[in-house]
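Engineer: There's a structure below that I have some questions on.
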Amino acid sequence: MTATNHADLLGQYPHVAPVALSLHAHNRIAGHRTDDAWLDETWRDERTRVLVLHGGRLVVPDESEDPTVDWRTPGEAPPGQRVLLGEQDGVTHFAVLVEHVPAGMRAEELRRFIQALPADEAALVVHAVALGEWHRSNRHCPRCGSSLDVSDAGHLMVCSGCGRQQFPRTDPAVIMVVTDEEDRCLLGRQERWPEGRYSTLAGFVEPGESLEQAVAREVFEEVGVEVGEVAYFGNQPWPFPASLMVGFFARARTTDIDVDGAEISDARWFTREQMRAEAEAGTLLLPGGISISRSLVETWYGGTLPGTW
């Protein structure tokens with residue numbers, strides 16, 4: 001396995017699909033996180049918009065059949081931990097983290113409808129959900145076990161015992177399109193997925209491992225294919241619960257497939273003609289448009305493809 005630059009491996013693909021969640025969608029205005037007077041004044045502004053979360057799940061009205069993002073004014077928000085998200089189009093956005101779901105509301109997983117969100121709104125929601133997950137799973141200091149006090153508008157926790165600071169953590173994961181000498185694309189599926197659903201391979205980076213090494217290891221472990229050249233493509237946040245998905249193109253040295261049977265139940269090499277025909281027929285379900293997986297596949301394909309999860 002060798003690392004290479006973007007042009008060497010990706011130059012053959014003139015169409016590079018944008019990664020939606022990597023676009024600059026909101027200003028995080030981090031300088032205001034410790035300005036209590038500004039935070040209070042902004043909270044009183046009726047133009048401010050607030051998202052309510054229970055842990056990493058969005059709180060929505062019970063009567064809403066299809067989950068959607070429920071932005072509220074500060075006056076409509078229930079009591080809870082305020083978290084500053086940032087400014088977008090002149091409007092400041094917060095999240096409120098609640099311990100209990102208010103009456104008449106329910107908590108929904110963002111996974112259910114993230115693919116339907118426009119990229120600018122999704123960026124705010126992903127920011128909120130990532131922080132909600134972090135607050136939910138970090139209640140005590142990992143050094144001394146004392147309780148943690150929230151600071152910096154929800155972006156910092158300080159131990160009440162030893163004073164150690166805790167910042168939100170992000171777990172790096174690699175996600176990749178693997179191609180062979182015939183320029184076929186390798187996709188895999190998990191047993192629990194609906195029939196016909198395939199996606200790019202992915203996995204977490206292990207301690208002491210480079211991103212390129214993780215690409216080669218994950219591909220070999222999951223489908224038994226050896227990888228040579230690896231080229232960086234792009235990245236995006238993915239708060240399920242706290243990942244940064246780093247995308248790559250990788251060139252296969254071998255093509256025989258031997259799935260692990262645990263994470264991957266089936267894997268296939270696709271030509272462009274096969275992928276287009278099966279996607280049009282609805283027998284192949286590809287990742288949604290807001291995911292970097294879709295961007296990787298459509299960059300290899302050379303344009304947009306029909307069908308989505």
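The values are calculated or read from the model by the stated rules, or taken from the named source; none is laboratory data. Only a predicted model underlies this, so the values are computations on that prediction, with no experimental measurement involved. Heads up, the Cβs are rebuilt from the backbone with ideal geometry, glycines too, and the neighbour counts pull from every protein chain shown.
Engineer: Of all residues in region 59-109, which are out of contact with any helix residue (DSSP H, G or I) (no Cβ under 6 Å at 6 or more places or on another chain), polar (S, T, N, Q) and modelled with pLDDT of 95 or more?
Structural biologist: The answer is Thr73, Gln81, Gln88.
Engineer: Please name all residue pairs, on different chains or six or more residues apart, with Cβ atoms under 8 Å, provided the first residue is in region 167-181 and is in contact (Cβ under 8 Å) with a residue 40 or more places away in the chain and the second residue is of a type in the set (Asp, Glu).
Structural biologist: Filtered contacts from region 167-181: Val174/Glu218; Met176/Glu218.
Engineer: Look at Thr254 and say whether it is outside any helix (DSSP H, G or I) and among the polar types (S, T, N, Q).
Structural biologist: So Thr254 passes the test.
Engineer: Has region 233-245 got at least one residue that is surrounded by 16 or more Cβ atoms within 10 Å (Cβ to Cβ), farther than 20 Å from Met275 by Cα and over 15 Å from the mean Cα position of the chain (by Cα)?
Structural biologist: Yes, that holds for at least one residue.
Engineer: Which condition breaks for Arg184 when tested against (1) in contact with a Ser or Thr (Cβ under 6 Å, 6 or more places away or on another chain); (2) closer than 24 Å to Phe240 by Cβ; (3) of a type outside the set (A, V, I, L, M)?
Structural biologist: So Arg184 meets the others, but not (2).
Engineer: Sticking with this one: For region 1-116, please list each of the strands (runs of 3 or more DSSP E) lying entirely inside it that holds at least 3 residues being over 19 Å from Gly154 (Cα atoms).
Structural biologist: Values: elements: 2-4, 49-54, 57-61, 81-88, 91-97, 105-108.
Answer list for region 1-116: 2-4, 105-108.
Engineer: While we're looking at this one, here's another question. Within region 153-194, count every residue that is surrounded by fewer than 13 Cβ atoms within 10 Å (Cβ to Cβ), within 30 Å of Trp38 (Cα to Cα) and not charged (D, E, K, R).
Structural biologist: Keep residues of region 153-194 that are surrounded by fewer than 13 Cβ atoms within 10 Å (Cβ to Cβ), which gives 162-163, 165, 167, 169, 171, 181-183, 191-192, 194.
Filter once more, so that each one left must be within 30 Å of Trp38 (Cα to Cα): 162-163, 165, 167, 169.
Now restrict to residues that are not charged (D, E, K, R): 162-163, 165, 167.
So the count comes out to 4.
Engineer: Test of understanding: among Val178, Val174, which residue is assigned to a strand (DSSP E or B), farther than 20 Å from His127 by Cβ and under 19 Å from the mean Cα position of the chain (by Cα)?
Structural biologist: Working: Val178 fails: under 19 Å from the mean Cα position of the chain (by Cα).
Answer to the check: Val174.
Engineer: Sticking with this structure for a sec: Regarding Val150, is this residue surrounded by 15 or more Cβ atoms within 10 Å (Cβ to Cβ), in contact (Cβ under 8 Å) with a residue 40 or more places away in the chain, farther than 26 Å from Ala20 by Cβ and not assigned by TED's automatic domain parsing to the domain that holds Ala250? Explain how you work it out, then say what you get.
Structural biologist: Values: surrounded by 15 or more Cβ atoms within 10 Å (Cβ to Cβ): yes; in contact (Cβ under 8 Å) with a residue 40 or more places away in the chain: yes; farther than 26 Å from Ala20 by Cβ: yes; not assigned by TED's automatic domain parsing to the domain that holds Ala250: yes.
Answer is yes for this residue.
Engineer: If you don't mind, there's one more thing I want to ask. Determine which member of the set Thr308, Thr255, Thr299 is surrounded by fewer than 19 Cβ atoms within 10 Å (Cβ to Cβ), of a type in the set (Val, Ile, Thr) and within 25 Å of Ala119 (Cβ to Cβ).
Structural biologist: Working: Thr255 fails: within 25 Å of Ala119 (Cβ to Cβ); Thr299 fails: surrounded by fewer than 19 Cβ atoms within 10 Å (Cβ to Cβ).
Testing whether each residue is surrounded by fewer than 19 Cβ atoms within 10 Å (Cβ to Cβ), of a type in the set (Val, Ile, Thr) and within 25 Å of Ala119 (Cβ to Cβ) leaves just Thr308.
Engineer: Scanning for something among the small types (Gly, Ala, Ser) and outside the structural domain of Pro239 (by TED's automatic domain parsing), does region 161-172 turn up at least one residue?
Structural biologist: Checking region 161-172: at least one residue is among the small types (Gly, Ala, Ser) and outside the structural domain of Pro239 (by TED's automatic domain parsing).
Engineer: Return yes or no: is Ala119 small (Gly, Ala, Ser), in contact (Cβ under 8 Å) with a residue 12 or more places away in the chain, outside the structural domain of Leu156 (by TED's automatic domain parsing) and over 13 Å from Val52 (Cβ atoms)?
Structural biologist: Working: small (Gly, Ala, Ser): yes; in contact (Cβ under 8 Å) with a residue 12 or more places away in the chain: yes; outside the structural domain of Leu156 (by TED's automatic domain parsing): yes; over 13 Å from Val52 (Cβ atoms): yes.
Spelling it out, Ala119 is indeed small (Gly, Ala, Ser), in contact (Cβ under 8 Å) with a residue 12 or more places away in the chain, outside the structural domain of Leu156 (by TED's automatic domain parsing) and over 13 Å from Val52 (Cβ atoms).
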